[in-house]
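Structure, as structure tokens:
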Amino acid sequence: MRVLVTGGAGYIGSVVAEVLVAEGHGVVVYDNLAKGHRDAVPPGAEFVHADLGDATALRQTLERQRVEAVVHMAADSLVGESVTEPAKYYANNVGNGLALLDAMRAAGVARLVFSSTVAVHGEPTKLPIEEDDPTAPVNPYGETKLAFERALRWYGEAYGLHSVSLRYFNAAGATELCGERHDPETHLVPIVLDVAAGDRDEVTVFGDDYPTRDGTCIRDYIHVRDLARAHVLAIAACDAGAAVYNLGVGGEGTTVLEVLDAARAVTGHPIPARVGPRRPGDPARLVASSARIERALGWRPEIPDIRTIVESAWRFRARRAAARDARRAPG
Ligand code: UFG
């Protein structure tokens with residue numbers, strides 16, 4: 001199938017593009033490179049450097065590239081920023097998202113896989129979180145993702161759009177080609193590995209007085225390749241209507257201190273940490289039930305342990321550092 005991946009030069013998008021190419025799909029990455037990286041676009045994928053707000057470029061790309069399905073990952077995704085700049089999140093995550101749906105309708109493209117988030121639930125009412133649990137976002141990031149999910153349902157009923165929304169929990173890890181490199185970096189795993197590599201002095205643990213087994217927050221870390229594999233399955237399943245699936249590993253989840261221990265074991269570095277205040281808006285525990293996608297699409301995580309996930313991110317870091325050193329070496 002010919003698949004357009006919006007945001008395909010970003011962390012998760014580039015891995016989705018990589019897996020799609022590996023599975024024989026024709027891939028067009030559409031990215032404005034505001035946060036993505038040109039060199040993250042995998043070999044074998046075409047690249048269009050354009051903004052989702054550029055209706056002409058979008059329409060032309062859909063038509064000229066004979067796109068049959070869209071994976072929509074281009075979005076703003078920082079919870080804290082969304083609270084101080086909601087306008088940016090509504091404009092990009094809702095406004096540009098709806099412009100994409102209009103362009104798809106005009107071009108006759110009826111399949112969409114949308115990257116959504118556990119943040120649509122806000123503070124969970126029970127664990128593990130299931131798709132039909134109450135949605136009550138506590139920040140504009142989650143609110144705008146939920147608004148778009150809801151639009152998909154109505155566009156499905158009125159215009160015949162087939163969609164799958166995938167609600168991500170905590171994506172982490174890397175493939176041989178693609179990994180995480182945000183600027184600024186806010187995510188735990190790359191920050192911890194920055195310390196191990198000597199790029200930061202220490203990790204601040206955001207609170208150790210949560211009602212969890214060691215007092216630090218519990219998250220459901222999922223390997224980015226497992227996440228990407230679900231998109232490939234979802235594209236094939238798009239005909240079924242407007243579906244929503246959680247993507248996590250489940251089980252007991254992993255605490256911040258357990259991530260630190262895994263990183264110490266993987267890197268052999270002591271990784272100094274100090275406890276700081278809680279980060280506003282952090283729920284104590286977020287763990288997914290992914291039973292629905294397992295039942296419907298046969299998806300299961302292949303890499304369920306935090307140590308293997310961290311190890312893949314560490315190897316990605318080492319490869320990038322080696323490539324940087326080789327470029328700098330004289331001669
Ligand atoms: N943490 C620290 N120190 C740090 C960074 C993070 O203790 O320097 C903690 C956080 O408090 C949290 C855990 O590590 O308990 C994971 O934090 P991340 O920032 O890596 O991930 P989040 O769980 O905050 O974010 C994830 C996704 C977001 C999404 C959010 C929804 O990465 O895109 O879940 O809740 F919006």
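Of everything in region 115-164 that's part of a loop (DSSP other than H, G, I, E, B) and more than 16 Å from the ligand (Cβ to nearest atom), which residue is farthest from Ala243 (Cα to Cα)?
Selected residue: Lys126.
If you scan region 95-126, which residues turn out to be in contact (Cβ under 8 Å) with a residue 40 or more places away in the chain and open to solvent by 60 Å² or more (accessible area, probe 1.4 Å)?
Asp102, Arg105, Glu123
For Thr175, only one of the following conditions fails: (1) out of contact with any Phe, Trp or Tyr (no Cβ under 8 Å at 6 or more places or on another chain); (2) modelled with pLDDT of 95 or more; (3) part of a loop (DSSP other than H, G, I, E, B). What is its number?
Failing condition for Thr175: (1).
Between a residue in region 128-143 that is surrounded by fewer than 16 Cβ atoms within 10 Å (Cβ to Cβ) and any residue that is aliphatic (A, V, I, L, M), which pairs come within a Cβ distance under 9 Å, given they are 6 or more apart or on different chains?
Partner pairs satisfying both residue conditions: Glu130/Ala288; Glu130/Ala291; Asp132/Val244; Ala136/Val120.
Return the residues of region 171-185 that are within 16 Å of the ligand (Cβ to nearest atom), open to solvent by 20 Å² or more (accessible area, probe 1.4 Å) and touching a helix residue (DSSP H, G or I) at 6+ places or on another chain (Cβ under 8 Å); say none if nothing qualifies.
Correct list: Ala171, Glu180, Arg181, His182, Glu185.
I need every pair where a residue in region 193-209 that is within 12 Å of the ligand (Cβ to nearest atom) has its Cβ under 6 Å from the Cβ of a residue that is of a type in the set (Val, Ile, Thr) and open to solvent by 60 Å² or more (accessible area, probe 1.4 Å), sequence separation at least 6 or different chains.
The qualifying pairs are Val205/Val275; Asp208/Val275.
Take the residues in region 266-299 that are in contact with a strand residue (DSSP E or B) (Cβ under 9 Å, 6 or more places away or on another chain) and hydroxyl-bearing (Ser, Thr, Tyr), then tell me which one is farthest from Pro124 (Cα to Cα).
Ser290
Report those helices (runs of 4 or more DSSP H) wholly inside region 230-331 carrying at least 3 residues which are closer than 30 Å to Glu81 by Cβ and within 16 Å of the ligand (Cβ to nearest atom).
Passing ranges, in order: 256-267, 306-328.
Tell me, yes or no, whether region 152-166 has at least one residue that is loosely packed, with under 15 Cβ neighbours inside 10 Å and within 21 Å of Val256 (Cα to Cα).
no
Looking for whichever is open to solvent by less than 20 Å² (accessible area, probe 1.4 Å) and under 16 Å from Ser115 (Cα atoms) here; the options are Val70, Val28, Val41. Which one fits?
Every option except Val70 fails the conditions.
So which residues in region 44-99 are among the charged types (D, E, K, R), in contact with a helix residue (DSSP H, G or I) (Cβ under 7 Å, 6 or more places away or on another chain) and in a helix (DSSP H, G or I)?
If the condition is that a residue be among the charged types (D, E, K, R), in contact with a helix residue (DSSP H, G or I) (Cβ under 7 Å, 6 or more places away or on another chain) and in a helix (DSSP H, G or I), then Arg59, Glu63 are the ones that fit.
Checking Ala147 against (1) in contact (Cβ under 8 Å) with a residue 60 or more places away in the chain; (2) surrounded by fewer than 21 Cβ atoms within 10 Å (Cβ to Cβ); (3) touching a helix residue (DSSP H, G or I) at 6+ places or on another chain (Cβ under 9 Å); (4) not β-branched (Val, Ile, Thr), only one condition comes out false. Which one?
(1)
The values are calculated or read from the model by the stated rules, or taken from the named source; none is laboratory data. What you see is a predicted model, and the numbers here were worked out from it, not measured in a lab. Cβ sites come from the backbone with ideal geometry, for glycine too, and all protein chains shown count toward neighbours. Quick note on the areas: whole protein, heavy atoms, side chains included, nothing else; ligands and nucleic acids left out. Shrake-Rupley method; radii C 1.70, N 1.55, O 1.52, S 1.80 Å.
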